[in-house]
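Everything below concerns the one structure shown next.
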Amino acid sequence: MDPVEELATKEYKWGFVTDIESETIPKGLNEDVVRLISSKKNEPSWLTEWRLTAFRQWQKMTEPRWPNVTYPPIDYQDISYYSAPRQAKKAGSMDEIDPELVKTYEKLGIPLEEQKRLSNVAVDAVFDSVSVATTAKDYLEKLGIIFCSFSEAVQKHPELIRKYLGSVVPTNDNFFAALNSAVFSDGSFCWIPKGVKCPMELSTYFRINAADTGQFERTLIVAEEGAQVSYLEGCTAPKRDTNQLHAAVVELVAQESASVKYSTVQNWYPGDKEGKGGIYNFVTKRGKCAGANSKISWTQVETGSAITWKYPSVILQGDNSVGEFYSVAVVNNRQQADTGTKMIHVGKNTRSTIVSKGISAGKGQNTYRGQVKVVKKAAGARNYTQCDSLLIGDRCGAHTFPYIEVQNHTAKVEHEASTSKISEDQIFYCKQRGVSTENAINMIVNGFCKEVFRELPMEFAVEAQKLLGVSLDGSVG
Amino acid sequence: MLEIKDLHATVGKKEILKGLSLSVKAGEVHAIMGPNGSGKSTLAQVLAGHPAYAVTGGTITYMGEDLAEKSPEDRAKEGIFLAFQYPVEIPGVSNAYFLRAGYNEIRKHRGEPELDAMDFNKLLKEKSKVLHIDESLLNRPVNEGFSGGEKKRNEIFQLAVLEPKLAILDETDSGLDIDALRAVSEGVNRLRSKDRAFLVVTHYQRLLNYIVPDFVHVLSEGRIVKSGGKELALELEKRGYDWVKAPAAAGAAR
């Protein structure tokens, strides 16, 4: 039997639906809907205006067609832009949270109750459009760290939101960012004061539950001078036959000598074997190394979604600042991914590293798209890019589109790329040592991704490895 | 331990083994010699269950059971080990991790508890000392960037860790200089025991100066055409393979 033959699927085990009463606004999008969302969140008028500006910009924009993915046109009037579990307001303490929600997160392996929570990780849980719980808040507050839902931050820290919202990703940046700016519902906000090193991992867990709704969350992380933070994002969604849109925006700001590390384990429902259903993950993520000697590092493990379109980027504005991008993107069955990064070198002696590992199985199509730009005044800029593709089977595809633009002659830019295939001989070698085909594939794939996994926080590296195993399960018969 | 009767095997549409019979008992060392293309490596691959080879006739009985029905990993778990002629590279997977995966599968199969990383590393260190293997090799990715000699030594090291009942060495001497050959042979000799059989596939007699076999078989055109003791290897070295060629050819010459 050809070991790269059969493509079965293991059940997506996060595909359950929580039976909870929700408040979902009718489908459709216009200025009134934008105002409605803003009023539901009791937002100040400047923010309502900000949303409306974005909406008007969005109306003039067209959906990008350049990504190497195909999907039927999205009817933006056939989506509901707000859904929240019916719970008068955000719970003051954990005891007030709907037990169904607590159960949901427990099933997902995210205990919300303080005593059970992962040691050394604070979690903000976002359910459909709203944040339902944030753990370890009191502890963090003592250090001056703000970690709360975006809505709460708008109420309690409007000056910070106003200062930083849209400062990295402007409302008119791109079609999906504009849409998000108009209708975003919630997300996480995190602010680390000057000189503080956040002692625990901060994490947001996004869960889509309601049908026919979009999820548009907004994350903003600011590290003031000399501050440090490591942040992790995880996400899952129920199995549904229809596609759901997820268009998030993440903005990171690192001031002088600050460092922000952002890790993602993306596991949205990928659709079934034939490509029915699944999440459209159209996300804008960008960080700005605003100050000298600052550092922003993205690590992503992308295994879910029917379509992934995202390019976590870094603007290296401060002199000597450092940008990093470590990525594992897996496509199986009919999944499509067009993902990569942008490193924009503006400051002097700025350095960036890109390590991208694309894995394609089944009929999946995986595209790396990356831009390295060195502007005229960015003397001494350096970039190293390594871009590796691994193919499993002969019906999948891997594509690489690197864009390199250098305007300063002292810059040094390196690009390395490779494509390999899991060979029958590798599998036989493993089997001859007693290891099953499935475990052999797992081992080979994990070996391939090692450089990225070692960038993940310990607790999640293990999870990511397991996830990879599940995603590729059945990709070799 | 191993009873091969009238074995026929093909790769693609080509028949390579044409009625091979061989009997191996525990504790014995059998050398399989023969000219290029005689089917030596095919025999090794067929015993290990490589999917590219099909058994089209005859039987292979191992430990009283029909081997043909078993998957390669089950054969491995039941004690068949193949030291590859061309060991495969697995980038990013450390030797230690790779070996532990196999080792624990074998233990599970025997109903023994699995070893955790700590205990297993202890075992690896002991074995590496005995075989004079540099400890740094344990943490390097499987065969990646290894020299030819290191790859072959690594195969013997794996053999030592996995402790098979039947060890098949496929041209383990090919590409080795004399020092590496001696080191690999010493490793094998340490592993000889009354419970373990070896099938040593080689083109040249020189390996058999170091690993002294109990029996030597000459393979030609997919069949064993001559069997004898270790002195047969010396005779082959002197006279070449022509005088023991396949029966048809030999018969015609007579």
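Scanning region B:13-65 for residues that are assigned to a loop (DSSP other than H, G, I, E, B) and polar (S, T, N, Q) yields a count of 2. Before we move on, is B:Tyr97 more than 30 Å from B:Arg239 (Cα to Cα), of a type outside the set (Gly, Ala, Ser), out of contact with any His (no Cβ under 6 Å at 6 or more places or on another chain) and within 8 Å of chain A (Cβ to nearest Cβ)? When the stated conditions are applied, B:Tyr97 passes them.
Residues that are among the aliphatic types (A, V, I, L, M) and modelled with pLDDT of 65 or more do occur in region A:5-19.
Taking the numbered list (1) at pLDDT 65 or above; (2) loosely packed, with under 15 Cβ neighbours inside 10 Å; (3) of a type outside the set (S, T, N, Q) in turn, A:Glu96 passes all entries but (1). Selection of region A:210-253 for residues being surrounded by 22 or more Cβ atoms within 10 Å (Cβ to Cβ), at pLDDT below 85 and among the aliphatic types (A, V, I, L, M) yields A:Ala210, A:Ala237.
Region A:287-348 holds strands (runs of 3 or more DSSP E) entirely within its bounds, and those carrying 2 or more residues that are buried (at least 24 other Cβ atoms within 10 Å of the Cβ) and polar (S, T, N, Q) map to A:295-302, A:336-345.
Residue-level analysis places B:Lys77 outside the set of residues that are in contact (Cβ under 8 Å) with a residue 12 or more places away in the chain, within 14 Å of chain A (Cβ to nearest Cβ) and out of contact with any helix residue (DSSP H, G or I) (no Cβ under 7 Å at 6 or more places or on another chain).
Here's the yes/no breakdown for (1) within 10 Å of chain A (Cβ to nearest Cβ); (2) touching a helix residue (DSSP H, G or I) at 6+ places or on another chain (Cβ under 9 Å):
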residue: B:Glu3; (1), (2): no, no
residue: B:Asp6; (1), (2): no, no
residue: B:Ile32; (1), (2): no, yes
residue: B:Ala44; (1), (2): no, no
residue: B:Gly49; (1), (2): yes, yes
residue: B:Ile60; (1), (2): no, yes
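Checked against the criterion of being buried (at least 23 other Cβ atoms within 10 Å of the Cβ) and over 26 Å from the mean Cα position of the chain (by Cα), the candidates A:Ala378, A:Ala361 yield just one match: A:Ala378.
Residues of region B:62-74 that are within 10 Å of another protein chain (Cβ to nearest Cβ), acidic (Asp, Glu) and under 21 Å from B:Val24 (Cα atoms): B:Asp74 alone. Between a residue in region B:120-145 that is touching a residue at least 12 places away in the same chain (Cβ under 8 Å) and any residue that is crowded, with 16+ Cβ neighbours inside 10 Å and part of a loop (DSSP other than H, G, I, E, B), which pairs come within a Cβ distance under 6 Å, given they are 6 or more apart or on different chains? Within 6 Å, the pairs are B:Asn143/B:Pro87; B:Asn143/B:Glu89; B:Glu144/B:Glu89.
The values are calculated or read from the model by the stated rules, or taken from the named source; none is laboratory data. Keep in mind the model is a prediction, meaning the values are calculated, not measured. Glycine gets a Cβ as well: all are built from the backbone with ideal geometry, and neighbour counts include every protein chain shown.
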